[in-house]
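Presented below is the structure to which this report refers.
The values are calculated or read from the model by the stated rules, or taken from the named source; none is laboratory data. Please read all numbers here as calculations on a predicted model, not as lab measurements. Heads up, the Cβs are rebuilt from the backbone with ideal geometry, glycines too, and the neighbour counts pull from every protein chain shown. Ligands, DNA and RNA are excluded from the accessible area calculation, which covers all protein heavy atoms including side chains. Shrake-Rupley method; radii C 1.70, N 1.55, O 1.52, S 1.80 Å.
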Amino acid sequence: FDLLDDPSITATVLLVEDEDAIRHVATRVLTSLGFTVLSAASGEDALTVAEGHHIDLLLTDMVMPGMSGPDLAQRLRAARPQMRVLFTSGYSRDAVAQQFGMDDAGFIAKPYGLKELVAAVRERLASD
């Protein structure tokens with residue numbers, strides 16, 4: 001678990017996940033590692049939560065009721081061009097890429113383990 005113990009990367013993460021259990025566990029894990037986590041249950045909620053905040057990473061489900069993750073990312077990046085994006089989905093990366101286009105975003109498949117989540121978040125934050 002040395003990856004989990006590395007405090008050198010801290011950031012503000014906007015976590016958008018419509019499944020309550022996943023959102024709560026991911027928030028707890030990332031917060032315990034020193035990340036500032038803003039969480040929302042939908043894209044619409046995320047836009048409100050994000051107001052006035054610097055966000056280093058958007059961690060969002062691709063497919064949610066209402067606004068999709070890619071639509072949310074596009075709207076948030078309009079005001080935060082440096083914000084990194086990490087998409088999650090129960091669909092395969094290939095299926096998601098065909099439907100939404102992936103450009104420079106990261107991707108983690110659901111279901112994911114906590115080590116996978118932390119590794120993906122740290123990797124996205126460390127990438128240029």
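Within the accessible area of the range 29-73, the carbon and sulfur atoms contribute 53%, probe 1.4 Å, all protein chains present. The gain in end-to-end length when the Gln82 to His24 segment is fully stretched comes to 18.3 nm, 0.36 nm per residue minus the alpha carbon separation. The amide H of Val63, built 1.01 Å from its N in the peptide plane, has Gly69 as neighbours under 5 Å, considering only residues 5 or more places off or on other chains. Label positions at Thr12 and Leu114, each projected 7 Å from the Cα along the C-beta direction, are separated by 2.6 nm. One chain, two ends: Asp71 and His54. Fully extended at 0.36 nm per residue, the span grows by 4.2 nm beyond their Cα-Cα distance.
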